[in-house]
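Trainee: One structure is given below, represented as structure tokens, and several questions about it will come after.
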Amino acid sequence: MQPKLTAKARCTDKEIGRISKVIVDPLSHEISHVVIQVNHGQAQERKVPIGEIQEVVSEEEVILKCSSDEFEQFPGIDRDRYVTLKEVEIAHLEEHLAVEPGEILVPLPMLERGMPRRTFFANMTHAVGAMIALPIAYPVLKYLMKPMYRTFDNSWFNIGNVQKIKKENIGVQFKFTRGVKEAFMPEEKVTKNVWVVKTTPQVLDKVYGKKEKKFEDSAGKVIWMNKPNVPYVAYSGKCPHLGCGYKWRRVKKYPDGVFLCPCHLSVYDEAGIVLDGPAPRRLDILPMQLTASGDVKIIDVVYKAGVKEEIRLL
């Protein structure tokens, strides 16, 4: 049984307040803390670990393990370190919660606890499976891997016009359609997205550091250079952490707006720099050119997710 928001909270010696919020781990989808609004003292709130609840008497009342004096040792809540489910989307999270309407908080950011261990076992499983299957699969793999050695696709795509951008230093989404061919499968049309920012000189300096941004082909030859005096920057629509799609959001901690990834809450500023979260590098900048009429063209460069270096993929 889970208590309702607004349920009474009682210590071992007396009632001390009501549950006003819950804090949820976005990875496990479990409640990690309850926030109790104290009966006295200017709406004071304290954050109590879920393990400190001794008994859920009913949906309307919970009993803590501590006394009222011990309860005073629990920390207050720094509201700026959290976002609500109205500010960030986490798939299926609400399905796991049996609480009444109220404020459900998610840490900003929530680092991936235990990720190295999960990654180790996943990689070990893949390695064992590969060793078993390799003698059988080798002839097929040899044939299928041939397309991996083709050159990068450095085609330019027109994604729209800068007239769509009305303000400086905010992220504006552009979508485009391109053909994608996987190995020997038929080509498919997919819709991809790019984020473009019209920058002030100060932000542009943070993006390029007054240096040209070079892009190379598979042979190491420079195919394009973004100039540091062009006040528009295009970012790949994939988060460098695990490749999720992100959004431009205004949240309490960043009222002017930031790029916020809903998967694991990586946060980036308008210059693509990581402000918080598990992302290993800044947002990936795309080769971009601007025509005289304001059309934006990009090369759909894709980098490997989850690593610090920019490793380009086919």
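Trainee: Under a 5 Å amide H to amide H cut-off, with H placed in plane at 1.01 Å, what residues pair with Tyr82 once short-range neighbours are removed?
Mentor: Here Leu108 satisfy the definition.
Trainee: Assign one of three labels to segment 226-285, namely rounded, prolate or oblate, based on the Cα gyration tensor with a ≥ b ≥ c the square roots of its eigenvalues; rounded applies when a/c is under 1.5, prolate when it is not and a/b is larger than b/c, and oblate otherwise.
Mentor: oblate
Trainee: Let me ask you something else. Give me the percent relative contact order of segment 191-279, please, defined on Cα pairs under 8 angstrom at least 6 residues apart.
Mentor: 23
Trainee: Within segment 266-314, report the trypsin sites (Lys or Arg not before Pro) that DSSP leaves as loop and that have at most 11 other Cβ atoms within 10 Å.
Mentor: Lys308
Trainee: Moving on to the next point. Cα gyration tensor of segment 190-314, axes a ≥ b ≥ c as square roots of the eigenvalues: rounded (a/c below 1.5), prolate (a/b > b/c) or oblate?
Mentor: oblate
Trainee: If you filter segment 234-314 for GluC sites (Glu not before Pro), then keep DSSP loop positions with at most 15 other Cβ within 10 Å, what is left?
Mentor: Listed in order of number, the matching sites are Glu309, Glu310.
Trainee: Straight-line reach from Lys167: which aspartates and glutamates have a Cα under 19 Å away, not including same-chain ones fewer than 8 places off?
Mentor: Asp205, Asp256, Asp269, Glu270, Asp295
Where a number appears in this text, it was derived from the coordinates with a stated rule and is not lab data. Bear in mind the structure is a predicted one, so any value in this text is a computation, not a measurement. All Cβ positions, even for glycine, are placed from backbone atoms using ideal geometry, and neighbour counts span all protein chains on display.
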